[in-house]
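Right, one structure below, let's go through it.
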Ligand code: VGL
Ligand code: ZN
């Protein structure tokens, strides 16, 4: 077991982000065995859950004439349009069946406001509303975070960037992440951005020593 001052954050390991899901991430299912190996090492395990109402502003179905991947303004924030995904209470929003999380896991839901998307597990994309994750980590005196899940170039990236901005010592478990983009240049850009911000990129093997 690792130190009580550390937490593992599993980002959006939900059916809709797995192969066959509404917003399938290629090989997204491969993060599950990595998560299952890491979970028993931590006293504190946190999961984020993308949890959208059906009228969510990131859904292409709510922007007639637009296509998936288009970028629109929602308020003053740029919003990428996605296939409808992770609708509250749907099977697609449920955690992957094969994910072995204990009943003491802390769940933080995001993207619940129809008018504002939330990639980060900490704040919405406008940085106006907090999910409660930061308060939770402070209450539990957590200082060091290990982040993995789906997807490297969106919710994992923004969660890790907010974590370093909030002064947590932050590690990305790179083998426990898969990306929406299949362009290696874009994936490298996301990883470089995290690294430049102070996120330490490690392999999950490095936590078992
Ligand atoms: C995500 C796009 C839209 C993610 C969530 O979990 O990375 N990406 N909603
Ligand atoms: Zn979403």
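The values are calculated or read from the model by the stated rules, or taken from the named source; none is laboratory data. Keep in mind it's a predicted model, so treat the numbers as computed, not measured. Cβ sites come from the backbone with ideal geometry, for glycine too, and all protein chains shown count toward neighbours.
Suppose we filter 150, 89, 133 for residues that are modelled with pLDDT of 95 or more, more than 12 Å from ligand 1 (Cβ to nearest atom) and buried (at least 21 other Cβ atoms within 10 Å of the Cβ); which single one remains? Full working, then the answer.
On the way: 150 fails: more than 12 Å from ligand 1 (Cβ to nearest atom); 89 fails: buried (at least 21 other Cβ atoms within 10 Å of the Cβ).
Matching residue, one of 150, 89, 133: 133.
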task = Please work out which one of (1) part of a helix (DSSP H, G or I); (2) buried (at least 22 other Cβ atoms within 10 Å of the Cβ); (3) without any contact (Cβ under 8 Å) to a residue 60 or more places away in the chain is the condition residue 206 fails and give its number.
result = (2)
ask   = If we keep just the residues of the stretch 34-75 that are in contact (Cβ under 8 Å) with a residue 12 or more places away in the chain, part of a loop (DSSP other than H, G, I, E, B) and more than 16 Å from ligand 1 (Cβ to nearest atom), which is nearest to residue 9 (Cα to Cα)?
value = 42
ask   = How many of the residues making up the stretch 81-101 are free of Cβ contacts under 8 Å to residues at least 60 places away in the same chain and touching a strand residue (DSSP E or B) at 6+ places or on another chain (Cβ under 7 Å)?
value = 4
query = On the given criteria, is residue 126 under 24 Å from residue 59 (Cα atoms), at pLDDT below 95 and in contact with a strand residue (DSSP E or B) (Cβ under 6 Å, 6 or more places away or on another chain)?
reply = yes
